[in-house]
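Below is one structure; the comments refer to it alone.
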Amino acid sequence: MAGRLAGKVCLITGTGGSIGRASAEMFAREGAKVVGCDINAEAAEACVKSVRDAGGEVVSIHPCDPRDPSMCQALVDCALSHFGRLDVLFNCAADAHFAWLDDLTHENFAYTLDAEVSIVFNLTKAAWPALAERGGAIVNMASASAWIGYEALPGLAHSAGKGAVLSMTRHFAMEGRHHGIRANSLSPGLIETGATRDLLQHPDFRDPMLTKIMLGRPGLPEEVAALAVFLGSDESSFITATDIRIDGGTTAW
């Protein structure tokens, strides 16, 4: 079904990463005008080229770090100056330090919360007035780690950050109801990305992680992007304050 995002202006963070790029490409194929960004300028530019080569419409700011509120405002201004509106915000970008409690420093814990929580708050706050003009959709990237602990993943800081994203999303939805803004999150389980591909070569990580997945394999970036398209489209018009787990059944047993 083509054109599910036709006429919508969609801001996606982290378009240089595996899921962010897959999302930018899929959003554009569905008719969206995409505003992208990434801290990695080379990867972001590759995403821009990919979208445009396929006939999509995209602009991007890179390098861009949404931990900086001024850069978040620049992203919103970019969307408004190029396309005149903003309909969908997909807070996809994040970063985290992984370590067991004994080895997790205060600095790395704080870094993770900044890169997984502040990054969502900053851009949502900047985008809020534009989204409120005609109603819109916010899609936040949470994680199965917000719901469970993985035996093989030292994800204390990551779990805390993504748990906060779940809570913030519910508040965005509650406050957004006055403006026609819906807010939802998606919680991927293990996805094969540039960040996990090497780890999946190590049995100590791969085997316990895959054992937790009912479907017996990692997810793909395109599978996460497809859910983001749905949550950004009018097909999900009666869904708000909800988290959808895209984890191959990981959190169900």
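The values are calculated or read from the model by the stated rules, or taken from the named source; none is laboratory data. Computed from a prediction, not measured in an experiment: that's the story for all the values here. Glycine also receives a Cβ, built like all others from the backbone with ideal geometry; neighbour counts cover every protein chain displayed.
List the number of the failed condition for ALA152; all other conditions in (1) in a loop (DSSP other than H, G, I, E, B); (2) touching a strand residue (DSSP E or B) at 6+ places or on another chain (Cβ under 8 Å) hold.
Answer for ALA152: the failing condition is (2).
For segment 53-85, enumerate the residues that are of a type in the set (A, V, I, L, M), surrounded by fewer than 18 Cβ atoms within 10 Å (Cβ to Cβ) and part of a helix (DSSP H, G or I).
ALA74, LEU80
Could you identify the single residue in ILE19, ILE39 that is assigned to a loop (DSSP other than H, G, I, E, B), within 18 Å of VAL120 (Cα to Cα) and out of contact with any Gly (no Cβ under 7 Å at 6 or more places or on another chain)? Break it down into steps so the answer makes sense when it comes.
Working: ILE19 fails: assigned to a loop (DSSP other than H, G, I, E, B).
Matching residue, one of ILE19, ILE39: ILE39.
Which one of these does PHE238 not meet: (1) buried (at least 19 other Cβ atoms within 10 Å of the Cβ); (2) part of a loop (DSSP other than H, G, I, E, B); (3) aromatic (Phe, Trp, Tyr)?
Going through (1) buried (at least 19 other Cβ atoms within 10 Å of the Cβ); (2) part of a loop (DSSP other than H, G, I, E, B); (3) aromatic (Phe, Trp, Tyr) one by one, PHE238 breaks only (1).
Any residue in segment 59-75 that is of a type outside the set (Ser, Thr, Tyr) and touching a residue at least 60 places away in the same chain (Cβ under 8 Å)?
yes
THR169 - would you say it is buried (at least 16 other Cβ atoms within 10 Å of the Cβ), of a type in the set (Val, Ile, Thr) and either in contact with a His (Cβ under 9 Å, 6 or more places away or on another chain) or closer than 26 Å to ALA132 by Cβ (or both)?
yes
Residues are listed down the side, and each one gets a yes or a no for (1) of a type outside the set (Asp, Glu); (2) within 30 Å of TYR150 (Cβ to Cβ):
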| position | (1), (2) |
| --- | --- |
| ILE12 | yes, yes |
| GLY16 | yes, yes |
| PHE27 | yes, yes |
| ARG67 | yes, yes |
| HIS82 | yes, no |
| ASP95 | no, yes |
| PHE98 | yes, yes |
| THR112 | yes, yes |
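One line per residue, one yes/no per condition, for (1) at pLDDT below 95; (2) surrounded by fewer than 14 Cβ atoms within 10 Å (Cβ to Cβ); (3) within 16 Å of the chain's Cα centre (by Cα); (4) not in a strand (DSSP E or B):
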| site | (1), (2), (3), (4) |
| --- | --- |
| ALA94 | no, no, yes, yes |
| ASN108 | no, no, no, yes |
| LEU113 | no, no, yes, yes |
| ALA130 | no, no, no, yes |
| ALA137 | no, no, yes, no |
